[in-house]
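The next block holds one structure in the form of structure tokens; read it before the comments.
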Amino acid sequence: MSSARLGTFDAEKWWRPADLATLPAISRAGSDDAVATMDELLAGFCSPDDRLITRRPMAGAVRDGLAAAGITFEHVAVDGPHEPFERNVSRDLVTGYDVEPYAVLPATAHLSDSLPDTAVVAQVNSKTWSNALAADLDLPGTGTVVRSVAELSEVVSRHRSAVVKDPYGVSGRAALVVESPGVLRAIERTLTRQGKRIELVVQEKYDVRRDFSAHVRISPDGTWHHRGIQVMTNRGLRHMGSSPATSDFVEFLADRGYHDVVASVAEALAQAGYHGPAGVDSMMLRDGTLVPLLEINARHSLGLLSLVLNERAATHGLAAHFTQLELNVPAGGGIADLCGALTRYTGGEREGVLVLNGSTLTAPGGRVYFALISQHPDALRQHLLDAVAAAGMSVRGVAHAA
């Protein structure tokens, strides 16, 4: 059956209980706008008979590049006054399709009777739930859940450097590194001032050698299958890109019992009543410690998108390396200029850059995601940076961010 694909990427915002206190905000200019238009990334999951529903129209340059790479779909743009976006989508638009949301939200429930219960989805996506599961499995790297300012201060004091996480934070948002008394005092003041219920996860700030994730698909009957492993590139606590794991690394993890942990996570999710895609975030530390369960994303993810794109590329003996750039854009510039300057991927054995989104890219700038289709992507990284310059744009921050 063909799928209708849609969804809000800041799903955690809509799972988060309203009575929870929040950590001090970390301002990122334009981040809300960037997240709002990430739904067009779901094109990467599409088959030709699928329907992609986004909140904004897609640029011809983006669709043409996807089509040249063999990614085609029916597209419908639905804008509206409501947030999250799913509230603007009528059931008629998805009738006859298997509904595949990026994440299951309360606002998604009216679109299909076959989705998992939204309360279950919210529960298993909480870092509190995944931390409890890691503790039950007696895994290394388990954090501590704190429910008061006093508890927070006491637990943080046990660590030379700690990470304090909101249970519904994502990709470094609502997670703060505490390495000084001043940062801790700022958090304490913010929490006290709000007078709300406190629930935070405190973990040691690990010395990480490699971040990676495992991806599974859980069926409604509770059976599941393993999709694969992606190695992640992170900057601080923020996800920046993904690449396929080497066979040697996959074998190394198997020898360390990692696949058994993934199986336990999948079974726990199924027992809780969840079905659909799920990712397990994991780490290998510099001292050799394997932290197999850091967090669970019971939804689609950028790592899963990278994996699917790699499966497409692998049929031609290539690999997909998922990456992003924050760009400064001159007045009048846009995604068509960048696409025009790139050697784009057109399928087959030819290497190239696949532009995955960016339809709304305009001055003064924004974020664009790419797949570098090659077994050896370094030359393509430089080509991408050269194309950015040729389009009259520049990279925000460090030039080697690709």
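The values are calculated or read from the model by the stated rules, or taken from the named source; none is laboratory data. Model, not experiment: these values are computed from the prediction. Here the Cβ positions follow ideal geometry from the backbone for every residue, glycine too, while neighbour counts run over all protein chains shown.
Brief remarks follow.
- Listed by first and then second residue, the pairs with beta-carbon distance under 6 Å, at least 6 apart or on different chains, first residue in the stretch 57-69 and more than 10 Å from Val355 (Cβ to Cβ), second surrounded by fewer than 15 Cβ atoms within 10 Å (Cβ to Cβ) and modelled with pLDDT of 95 or more, are Pro57/Ala77.
- The stretch 315-344, subset small (Gly, Ala, Ser) and touching a Pro at 6+ places or on another chain (Cβ under 8 Å), residue nearest to Ile71 (Cα to Cα): Ala320
- Asp117 being surrounded by fewer than 15 Cβ atoms within 10 Å (Cβ to Cβ), of a type in the set (Asp, Glu) and free of Cβ contacts under 8 Å to residues at least 40 places away in the same chain: no
- Extreme residue, farthest from Ala67 (Cα to Cα), among residues of the stretch 348-363 that are of a type in the set (Gly, Ala, Ser) and touching a strand residue (DSSP E or B) at 6+ places or on another chain (Cβ under 9 Å): Ala363
- Pairs meeting the criteria (first residue in the stretch 282-300 and farther than 15 Å from Phe252 by Cβ, second residue basic (Lys, Arg), beta carbons under 8 Å, at least 6 apart or on different chains) are Arg286/Arg209; Glu295/Lys127.
- Within the stretch 388-399, the set of residues being within 20 Å of Thr233 (Cβ to Cβ) and modelled with pLDDT of 95 or more comprises Val388, Val395.
- With respect to the stated conditions, Arg5 is among the charged types (D, E, K, R), crowded, with 19+ Cβ neighbours inside 10 Å and either at pLDDT below 95 or more than 30 Å from Leu152 (Cα to Cα) (or both).
- Summed over the stretch 311-332, residues that are part of a helix (DSSP H, G or I) and either surrounded by 22 or more Cβ atoms within 10 Å (Cβ to Cβ) or hydrophobic (A, V, I, L, M, F, W, C) (or both) total 2.
- Per the listing Ala21, Ala59, the residue uniquely crowded, with 17+ Cβ neighbours inside 10 Å and under 29 Å from Glu311 (Cβ atoms) is Ala59.
- Across the stretch 190-217, the qualifying residues are those that are among the polar types (S, T, N, Q) and over 21 Å from the mean Cα position of the chain (by Cα), and the one among them that is farthest from Glu154 (Cα to Cα) is Gln194.
- Set side by side, the residues Leu307, Leu293 differ, and just one is over 24 Å from Pro101 (Cα atoms) and surrounded by 14 or more Cβ atoms within 10 Å (Cβ to Cβ), which is Leu293.
- Residue tally, condition of a type in the set (S, T, N, Q) and not in a helix (DSSP H, G or I), over the stretch 130-151: 3
- Any hit, the stretch 287-300, residues being of a type in the set (S, T, N, Q), within 20 Å of Ala175 (Cβ to Cβ) and in contact with a Leu (Cβ under 8 Å, 6 or more places away or on another chain): no
- Picking from residues in the stretch 353-383 that are part of a helix (DSSP H, G or I) and not basic (Lys, Arg), the one that is surrounded by the most Cβ atoms within 10 Å (Cβ to Cβ) is Leu380.
- Whichever residue in the stretch 332-341 is out of contact with any Asp or Glu (no Cβ under 9 Å at 6 or more places or on another chain) and either of a type in the set (A, V, I, L, M) or touching a residue at least 40 places away in the same chain (Cβ under 8 Å) (or both) and, among such residues, is farthest from Ala61 (Cα to Cα): Gly333
Quick grid of which residues meet (1) at pLDDT 95 or above; (2) in the same structural domain as Leu253 (by TED's automatic domain parsing); (3) surrounded by 15 or more Cβ atoms within 10 Å (Cβ to Cβ); (4) out of contact with any Phe, Trp or Tyr (no Cβ under 8 Å at 6 or more places or on another chain):
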position	(1), (2), (3), (4)
Ser148	yes, no, no, yes
Arg160	no, no, no, yes
Val178	yes, no, yes, yes
Arg189	yes, no, no, yes
Arg217	yes, yes, yes, no
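- Evaluation of Pro220 against (1) on the phi < 0 side of the Ramachandran plot; (2) in contact with a helix residue (DSSP H, G or I) (Cβ under 8 Å, 6 or more places away or on another chain) (one fails), failing number: (2)
- Checking Leu269, Leu307 one by one, the residue that is under 13 Å from the mean Cα position of the chain (by Cα), assigned to a helix (DSSP H, G or I) and in contact (Cβ under 8 Å) with a residue 40 or more places away in the chain is Leu307 and no other.
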